[in-house]
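Below: the structure, in structure tokens.
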Amino acid sequence: MAPTLSAHIDQNVESVVALQKREWETVGVAQRRVEAVGRWLGRPLYLVGLLCAIALWVSVNVIRQARGGWDPPPFELLDGVLTLISLITTTIVLIAQNRQTVLEKQHTHLELQVSLLTEQKVTKIINLIEELRRDMPMVKNRHDPHAEALQESADTAKVLAALEEGGATQSATQSPTQPATQTGEQSPPAVTAQRDDA
């Protein structure tokens, strides 16, 4: 029997499954067939079958060389067939990777929005706790600089600027000591987290 999960975990699992189902429903028939072929090409059985076919091709033509094989050495026909197979395989893999890249970007944007929303909620909770602590007469009021700093919402523009200054957002080909302004690329627009004052 499957383990019993709590209600909120079941809800999260159902949300993820529903998201994947909606994403799959937007995929066309041609894209699904291409990805099915791509999954089949990614199996070890495909590599074993291809190597066996090449070995059989070479063996037959070497044995029948004296009687005139259809592709005598240096196997020009085999070279052309393998080139065509490589082209088709590369195209199928690129088509599948293109959709995966789009999905990864969507998931990254979703994670960013959820992270910003979580940060806003945590900031609001800290504010409420600090207000409650100051209003309770039995609790001695004290200055907590750490809690005071956590009450402020994170400024994503400043965080991004700090990352760019430290070289964390630079490309892999650029030296960490090289200024980001020398790359010739504009900085991506900063996302400003709006604090929920409700």
- Message: Please determine whether any residue of region 120-139 is open to solvent by less than 70 Å² (accessible area, probe 1.4 Å) and under 26 Å from the mean Cα position of the chain (by Cα).
- Response: yes
- Query: What are the residue pairs meeting all of these: first residue in region 44-66, first residue in contact (Cβ under 8 Å) with a residue 12 or more places away in the chain, second residue open to solvent by 50 Å² or more (accessible area, probe 1.4 Å) and β-branched (Val, Ile, Thr), Cβ atoms under 9 Å, and 6 or more apart or on different chains?
  - Reply: Leu50/Ile85; Trp57/Val81
- Message: Looking for something assigned to a helix (DSSP H, G or I), of a type outside the set (Ser, Thr, Tyr) and either at pLDDT 70 or above or loosely packed, with under 10 Cβ neighbours inside 10 Å (or both) - is there at least one such residue anywhere in region 175-188?
- Response: no
- Query: If you go through region 38-60 one residue at a time, do you hit one that is loosely packed, with under 13 Cβ neighbours inside 10 Å, at pLDDT 90 or above and outside any helix (DSSP H, G or I)?
  - Reply: yes
- Query: When the residues of region 140-167 are filtered to those that are touching a residue at least 12 places away in the same chain (Cβ under 8 Å) and open to solvent by 100 Å² or more (accessible area, probe 1.4 Å), which remaining residue is nearest to the chain's Cα centre (by Cα)?
  - Reply: Glu165
- Message: Tell me yes or no: at least one residue of region 68-77 is open to solvent by less than 80 Å² (accessible area, probe 1.4 Å), assigned to a helix (DSSP H, G or I), touching an Asp or Glu at 6+ places or on another chain (Cβ under 8 Å) and modelled with pLDDT of 85 or more.
- Response: no
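The values are calculated or read from the model by the stated rules, or taken from the named source; none is laboratory data. All of these numbers come straight from a predicted model, not from anything done at the bench. Methodologically, a virtual Cβ is constructed for each residue, glycine included, from the backbone with ideal geometry; neighbour enumeration extends over all protein chains shown. The protein model used for the area step is the full one, side chains on, heavy atoms only, and it has no ligands, DNA or RNA in it. Shrake-Rupley method; radii C 1.70, N 1.55, O 1.52, S 1.80 Å.
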